[in-house]
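Accompanying notes for the structure given below.
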Amino acid sequence: MIHTYQLNGCNIVLDVYSGSVHLVDEIAYDVINRIDAGEDREQIVTAAAAAHGVEPAEIRELLADIDELTAAGKLFTEDVYADKAFDYKNRSTVVKALCLHVAHTCNLTCNYCFAAQGKFHGDRALMSFEVGKRALDFLVENSGNRVNLEVDFFGGEPLMNWDVVKQLVAYARSIEKDAGKNFRFTLTTNGVLIDDDVIEFANKEMHNVVLSLDGRPQVHDKLRRTVNNKGSYDIIVPKFQKLVESRGGKGYYMRGTFTHDNVDFTNDVFHMADLGFDQLSMEPVVCAPDEPWALTAEDLPKVKEQYEILAKEMLRRNREGKGFTFYHYMIDLTGGPCIYKRISGCGSGTEYMAVTPWGDLYPCHQFVGDEKYKLGNVFDGVTNTELRDEFKLCNAYARPDCKDCWARLYCSGGCAANAYHATGSIRGIYEYGCELFRKRMECAIMIKAVEAMEKANKE
Amino acid sequence: MKHIQTLETRDLAQSVKNGGCGECQTSCQSACKTSCGVANQECEKCSK
């Protein structure tokens, strides 16, 4: 399978199953599309030569190049993975990542919060050290030979339970060497409670810090409000700047959510960049379609256009030495994920689970609070093995709707939670999200193509 | 090639043989928390 598209003056051909990317001129773009449509070779020679005003010999030469790429496994490759049957149902999986809900409470009252202002549709609660410690032991015990173990301190707002976070990090550090493990911690915070102690500790211990900011002050303050119904932008931005300035190059993401209210979200991304942040992420809101901030069908083409604007502006800023990264455009063509990762996806419910303040296990943070998706708890382990096995099967080849999609080895079949909320089944698809995902991948690959072209022109 | 520039990419078919160590980051964990892209994940083996 191939996917061809034109964007920002580039003609791009993706070879889906090899992962190859070709930047081609108008003639090759036409010829490759004709081959893909099943046209006869001699017919292609005649038609393409006439259409592009070139000699038939040139088209034949081009066809020979295409044959060479095909023989080299870089074009028109067949799907060799489906029949290999990576046996997902019977594969053994280990747990390698936990999302620790250390605080089911929050000091902001963001209207769009999928976690229902931190409460996840349940009671407010803080995780005790004992439950967190048991969760870390559960992770070590169930991680098999995996060395790198990820733990995200999440909420609600995890800084509302900061002492426990620090104790849990200290406990993990005390056991990791003997256990042959390497803990990588992430802190996801709204920033309100950041102080010098948080900054020092986070910059020492947290592999990654995810900082929530929606962009322009008026956009951020409209939905991210304090419990006293005030905007939070002025409280958090100086704190984020101080944290990032002293982070010493360690990873972080400035992460925003865009909604129907700011479909022109690129202005919020550029605002973040203009504030001095350079590792950015901006996500479409996840909420019920009848919420006033939900993205609508009418928003879809506008949002897609915004992704193009973002890609072009990133190229421009990069040329001027003012570049920034955008999470969804950080595609790594040479050092990216292997085919196993591309098929198996995020690992929710198998490799990755969320832990509530009470120690209950859920497939991921987005299922927390939905009792029928409870997998077990950190004391007794995974007891709902039937549910876990359902998640094992949830991959790029498990969803009938993904069969003909060129992007499935980039998204691995999509988010189970999004699918569930959109269709009632974790093996469904959230088509709106798919449309945006495909657009983001086209933009990300276009950026790589332009960079490769500019590099080649310099040499 | 006159009409085609091929970008350097990881050969996915080859990664059937040398992939699957499982040490890479859980994709949703790193920033988005609300989608499931894997294309932007780094391979732990490749980055060593």
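The values are calculated or read from the model by the stated rules, or taken from the named source; none is laboratory data. Remember, it's a predicted structure, so these values are computed and weren't measured experimentally. Cβ atoms come from the backbone with ideal geometry, glycine included; neighbour counts cover every protein chain shown. Calculation scope for accessible area: heavy atoms of the full protein, side chains included, ligands and nucleic acids excluded. Shrake-Rupley method; radii C 1.70, N 1.55, O 1.52, S 1.80 Å.
A few points about this structure:
- Condition check for A:Arg216: under 25 Å from the mean Cα position of the chain (by Cα) and more than 24 Å from A:His365 (Cα to Cα): yes
- Residue identified as over 19 Å from A:Val237 (Cβ atoms), among the aliphatic types (A, V, I, L, M), more than 20 Å from the chain's Cα centre (by Cα) and modelled with pLDDT of 95 or more among A:Leu295, A:Leu315: A:Leu315
- Once the range A:123-152 is narrowed to residues that are among the small types (Gly, Ala, Ser) and within 30 Å of A:Arg225 (Cα to Cα), the residue that is surrounded by the fewest Cβ atoms within 10 Å (Cβ to Cβ) is A:Ser128.
Listed here are the residues, each with its yes/no results for (1) away from chain B (no Cβ under 13 Å); (2) in contact (Cβ under 8 Å) with a residue 60 or more places away in the chain; (3) touching a strand residue (DSSP E or B) at 6+ places or on another chain (Cβ under 9 Å).
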position: A:Tyr17; (1), (2), (3): no, yes, no
position: A:Asp25; (1), (2), (3): no, no, yes
position: A:Ala28; (1), (2), (3): no, no, yes
position: A:Pro56; (1), (2), (3): yes, no, no
position: A:Ala64; (1), (2), (3): no, no, no
position: A:Glu68; (1), (2), (3): no, no, no
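- Residue check, A:Ala288 over 20 Å from A:Lys439 (Cβ atoms), open to solvent by 40 Å² or more (accessible area, probe 1.4 Å) and among the small types (Gly, Ala, Ser): yes
- Helices (runs of 4 or more DSSP H) contained entirely in the range A:361-459, each with at least 2 residues that are in contact with a Gly (Cβ under 9 Å, 6 or more places away or on another chain) and over 18 Å from B:Ser35 (Cα atoms): A:385-392
- Verdict on A:Arg184 being in a helix (DSSP H, G or I) and either more than 30 Å from A:Phe258 (Cβ to Cβ) or within 23 Å of the chain's Cα centre (by Cα) (or both): no
- Breaking point among (1) within 14 Å of chain B (Cβ to nearest Cβ); (2) buried (at least 20 other Cβ atoms within 10 Å of the Cβ); (3) in contact (Cβ under 8 Å) with a residue 60 or more places away in the chain, for A:Cys402: (3)
- Unmet criterion (only one of (1) within 30 Å of A:Val450 (Cβ to Cβ); (2) open to solvent by less than 20 Å² (accessible area, probe 1.4 Å); (3) of a type outside the set (S, T, N, Q)) for A:Phe367: (1)
- Test for A:Phe367: is it under 26 Å from A:Val269 (Cβ atoms), under 24 Å from the mean Cα position of the chain (by Cα) and free of Cβ contacts under 8 Å to residues at least 60 places away in the same chain: no
- Residues located in the range A:153-205, provided they are among the aromatic types (Phe, Trp, Tyr) and surrounded by 18 or more Cβ atoms within 10 Å (Cβ to Cβ): A:Phe153, A:Phe154, A:Trp162, A:Phe183, A:Phe185
- Matching residues in the range A:246-283 - criterion: being free of Cβ contacts under 8 Å to residues at least 40 places away in the same chain and either among the hydroxyl-bearing types (Ser, Thr, Tyr) or within 14 Å of chain B (Cβ to nearest Cβ) (or both): A:Glu283
- Of all the numbered requirements in (1) within 12 Å of another protein chain (Cβ to nearest Cβ); (2) under 26 Å from A:Val198 (Cβ atoms); (3) open to solvent by less than 20 Å² (accessible area, probe 1.4 Å); (4) of a type in the set (Phe, Trp, Tyr), A:Phe120 misses one, and that requirement is (1).
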